[in-house]
Amino acid sequence: MKKLLLFCLLLSPALVKAQTTEPAKTMTAAEAREVYCTLTASDRTLSSTKVNVTVNYGQVAKDDPRNIAEAAKVQAYITIPDALNYMATQGWTVVSSTITSERTVNTAHFLLKRIVSVDTK
């Protein structure tokens, strides 16, 4: 009986280890970089609730097909929260925001960032 108990005690750590899963691999600082974009939303003429939304990825990333498709989807949204929620689902976070007003047109500017792997442009 003692041998059976000793065998079970020696075997139990191996069984417990077999049940654990490997943690998800996270990117190290060398494997990741931050990319930025600006989202601009300005009032549409003759409408108080709908806005024109544009996204600027900068000169380096503006021709990336993923960014072109993402910008087209964002422009379809008619409210700022809808556009920001979509960008959040794509991994973007808001860094800062400002609102400018010129005559009767209010424009909201949002600086967004996301972390991508180094091989992703």
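The values are calculated or read from the model by the stated rules, or taken from the named source; none is laboratory data. Because the structure is a prediction, the values reported are computed rather than measured. All Cβ positions, even for glycine, are placed from backbone atoms using ideal geometry, and neighbour counts span all protein chains on display.
Filter the stretch 100-121 for residues that are exposed (fewer than 10 other Cβ atoms within 10 Å of the Cβ) and outside any strand (DSSP E or B); which is nearest to the chain's Cα centre (by Cα)? That would be Asp119.
If a residue must be within 16 Å of the chain's Cα centre (by Cα) and part of a strand (DSSP E or B), how many such residues does the stretch 77-99 contain?
Taking the stretch 77-99 and keeping what is within 16 Å of the chain's Cα centre (by Cα), we get 81-96.
Add one more test, that the residue is part of a strand (DSSP E or B), and what stays is 93-96.
The qualifying residues number 4.
If you check Val74, Val35 for being surrounded by 14 or more Cβ atoms within 10 Å (Cβ to Cβ), part of a strand (DSSP E or B) and modelled with pLDDT under 90, only one passes: Val35. Residues that are out of contact with any helix residue (DSSP H, G or I) (no Cβ under 9 Å at 6 or more places or on another chain) and free of Cβ contacts under 8 Å to residues at least 40 places away in the same chain were ranked within the stretch 94-103; the one that is farthest from Val55 (Cα to Cα) is Arg103.
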